[in-house]
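Everything below concerns the one structure shown next.
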Amino acid sequence: METIKILRKKYIPPSEVIMLKADINYTELHFACGKTLILAKTLKSLQADFYPYGFFRINKTNMINLNYLHKTIDDFSHVILKNRLELNVSRRRREDLKNIIHQKKS
């Protein structure tokens, strides 16, 4: 199982992370088991580590694991994750999200 180093001696499997949420200079990692971990790192600094594992930044605050995407609504303006969380998708990222989802289906 692949892991990502998030702290000096802390590694996590990206497949267990549902989403990352930015809060100024902190980032909350939300796990499939329901736990949340807060890191003193910006979302931008973690972004490159998570992209290869199927993550997509949907707006300035949130980055989601596309494997936990349940559905999109209102022409990709909102996404609903498998944990029933509904998030907004920024206008500038809607087309990219649409293309990525269509690529995964084919």
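Read-outs throughout are calculated quantities, based only on the coordinates presented, and are distinct from any laboratory measurement. Worth saying up front: this structure is predicted, and the values here are computed from it rather than measured. Cβ sites come from the backbone with ideal geometry, for glycine too, and all protein chains shown count toward neighbours.
A compact table of results
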| item | result |
| --- | --- |
| With Cα atoms, 0 to 90° folded angle of helix 91-105 axis to the chain main axis | 90 degrees |
| Ascending count of other beta-carbon atoms within 10 Å, so fewest first, for THR72, THR3 | THR3, THR72 |
| HIS70, HIS30 arranged by Cβ crowding within 10 Å, fewest neighbours leading | HIS70, HIS30 |
| Charge dipole of the stretch 4-105 about the Cα centre (unit charges at C-beta), most positive-ward option of PHE55, LEU97, LEU69 | PHE55 |
| Eligible lysines near LYS71 by straight Cα distance, threshold 22 Å, same-chain separation 8 or greater | LYS21, LYS60, LYS82, LYS98, LYS104, LYS105 |
| Correct choice for Rg/Rh (Cα atoms, Kirkwood Rh) that was computed from the model, options (1) 1.05; (2) 0.95; (3) 1.02 | (2) |
